[in-house]
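Following: one structure in structure tokens, then a few remarks.
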Amino acid sequence: MDEKGVFEHSLIDQFFPTGPDGHRVPEEYGGGAGTFFEAIVAVEELSRVDPSAGVIVDVQNTLVNNALLRWTTADQKKRYLPRMCKDTVGAYALSEAASGSDAFALQTRAELKGSDYVLNGQKLWITNGKEAGVFILLATVDPTAGYKGITAFIVEKDFPGFTVGKKEDKLGIRASSTCELILEDCKVPRENVLGEVGKGYKIAIETLNEGRIGIGAQMVGLARGAWSSR
């Protein structure tokens, strides 16, 4: 997979149902009702063979499912959590060309028009971009408000105006897709706001805190695999 730069879809299918990708979701939604620690162990063990597999499970659990469990409404939980256990890969879309180290310098704009938010902008370096069906995407509803304008949205891959762009050709974890996302008048239903309008920065900070632990586990697994095969 690393040589081809493509993650085998048949392997992703084995992450469902109630496999590592749905591990932290409660049983009532079809998940494994597992702990954060157990998810981290799964990331480490998969990464012993290929960190591309580890990072898919990491993003699914520490970023996407984490956010959906903590900040969704009851209706959003019913709509999305069963999918995250059954067959849907998730992605977390924060980074932009001018918003990497300074994560809150977002340019992607969200404007409320009737019953929809209309999003315009570009996201870069989004892990799982090619495989994902659901994205936790950060945009600003008010650029003049700084970080207090940032809002999180649940965006589906087939929403009008949403396009997955080019996949980056990387030096490592090549089977893991790292993609550009393009939003051109992308319509997102108002009910797909995640948490509160203007409180997306809180979601970003708290999910990334867990995500970094997952990446640490990924690297520990990679080191163990390299050491055992020397």
For ILE182 and ALA226, compute 0.36 nm times the residue count separating them, minus their Cα-Cα distance, and round to one decimal in nm. 12.2 nm
Toward the positive end of the charge dipole of the stretch 75-230, about the Cα centre and with charges on Cβ (Lys, Arg +1; Asp, Glu -1), which of GLY172, ALA217, GLY133 goes farthest? ALA217
Quick one: dipole size for the chain, taken about the Cα centre, charges +1 on Lys/Arg Cβ and -1 on Asp/Glu Cβ, in debye to the nearest 20. 240 debye
Does the stretch 59-102 come out rounded, prolate or oblate by the C-alpha gyration tensor, with a ≥ b ≥ c the root eigenvalues, rounded set by a/c under 1.5 and, if not, prolate when a/b is larger than b/c and oblate if not? prolate
Given an 8 Å cut-off on Cα distances and at least 6 residues of separation, report the relative contact order of the stretch 33-151 as a percent. 22 percent
For the chain, what does the accessible surface come to per residue with a 1.4 Å probe? Please give it in Å². 46 Å²
Checked the stretch 1-100 with the C-alpha gyration tensor, a ≥ b ≥ c its square-rooted eigenvalues, rounded below a/c of 1.5, otherwise prolate if a/b is larger than b/c and oblate if not; verdict oblate
Given Cβ charges of +1 for Lys and Arg and -1 for Asp and Glu, the option among THR73, PRO51, ILE40 whose Cα lies farthest towards the positive end of the dipole of the stretch 1-118 is THR73
Can you tell me which of 151-159, 31-39, 61-69, 121-129 comes out highest on packing, and rank the rest after it, using the mean Cβ neighbours within 10 Å? 61-69, 121-129, 151-159, 31-39
Prolate/oblate/rounded label for the chain (Cα gyration tensor, a/c 1.5): prolate
For the chain, what does -39500 (n - 2.57) per DSSP helix run (n ≥ 4), summed and divided by total residues, give at 222 nm, in deg cm²/dmol to the nearest 500? -10000 deg cm²/dmol
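The values are calculated or read from the model by the stated rules, or taken from the named source; none is laboratory data. Values in this document were obtained by computation on a predicted structure and should not be read as measured data. With ideal geometry, Cβ positions are generated from the backbone for all residues, glycine too; neighbour counts draw on all protein chains shown. Note: accessible area is taken over every heavy atom of the protein model, side chains too, but ligands, DNA and RNA are not part of it. Shrake-Rupley method; radii C 1.70, N 1.55, O 1.52, S 1.80 Å.
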